[in-house]
Amino acid sequence: MNCDIRTREASADDAEALLTPYDFLSSDNERCPLELAKANISKISRIDGSAVLLGEINGVALTTCTLIVVPNLSRGGRPYAVIENVVTHRNHRGKGLGKAILDAACERAWNYECYKVMLSTGSTRPATLSFYESAGFEQSRTGFQKRRLPKRQEETS
């Protein structure tokens, strides 16, 4: 892992910098308007334990993910967490940044007493699936979704 990475909870003030890594999510990803990004970061941070996490080197946002902690009625009332929108700047992949942001998200979930952390991907690329496995995630469930928007186009590079 790159020892120079700093992971932290993002604030609305980080919105503009956070939008750059999302440009590398997929070629058909529609960029979130800045004011809406600021509002959404603030909304997420008001959910107990939840956060948009940011990984940066020398103050430059290079990786991010969103962690949502969900209150629960099973497992003795212990919450669970969902990770979404994992992305690393294309020019900085393979350096441990994505793993660092996922480690930070899981550590936060454990600190909030979550009994599990779930992550799903629409990617079928072997490199993407291997990345999540190398970060400690197990492909162990069958997922279903019903979409309002069309599925994003997967990048081939």
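The values are calculated or read from the model by the stated rules, or taken from the named source; none is laboratory data. Just so you know, these numbers come straight off a predicted model, no measurement behind them. In this analysis, Cβ positions are derived from the backbone assuming ideal geometry, glycine residues included, and neighbour counts consider all displayed protein chains.
A few notes on this one:
- For the residues 135, 104, 100, the requirement of being surrounded by 13 or more Cβ atoms within 10 Å (Cβ to Cβ), without any contact (Cβ under 8 Å) to a residue 60 or more places away in the chain and either in contact with a Ser or Thr (Cβ under 8 Å, 6 or more places away or on another chain) or on the phi < 0 side of the Ramachandran plot (or both) singles out 135.
- Check on residue 37, at pLDDT 95 or above and either under 16 Å from the mean Cα position of the chain (by Cα) or crowded, with 17+ Cβ neighbours inside 10 Å (or both): yes
- Selection of first residues in segment 23-45 that are in contact (Cβ under 8 Å) with a residue 40 or more places away in the chain and of second residues that are surrounded by 16 or more Cβ atoms within 10 Å (Cβ to Cβ) and not aliphatic (A, V, I, L, M), restricted to Cβ pairs under 8 Å at least 6 apart or on distinct chains, gives the following pairs, ordered by first then second residue: 24/88; 24/89; 29/22.
- Among the residues of segment 145-157, some residue qualifies, meaning at least one is touching a helix residue (DSSP H, G or I) at 6+ places or on another chain (Cβ under 9 Å), farther than 28 Å from residue 12 by Cβ and free of Cβ contacts under 8 Å to residues at least 12 places away in the same chain.
- Yes/no for residue 116 being modelled with pLDDT of 95 or more and either surrounded by fewer than 14 Cβ atoms within 10 Å (Cβ to Cβ) or of a type in the set (Ser, Thr, Tyr) (or both): yes
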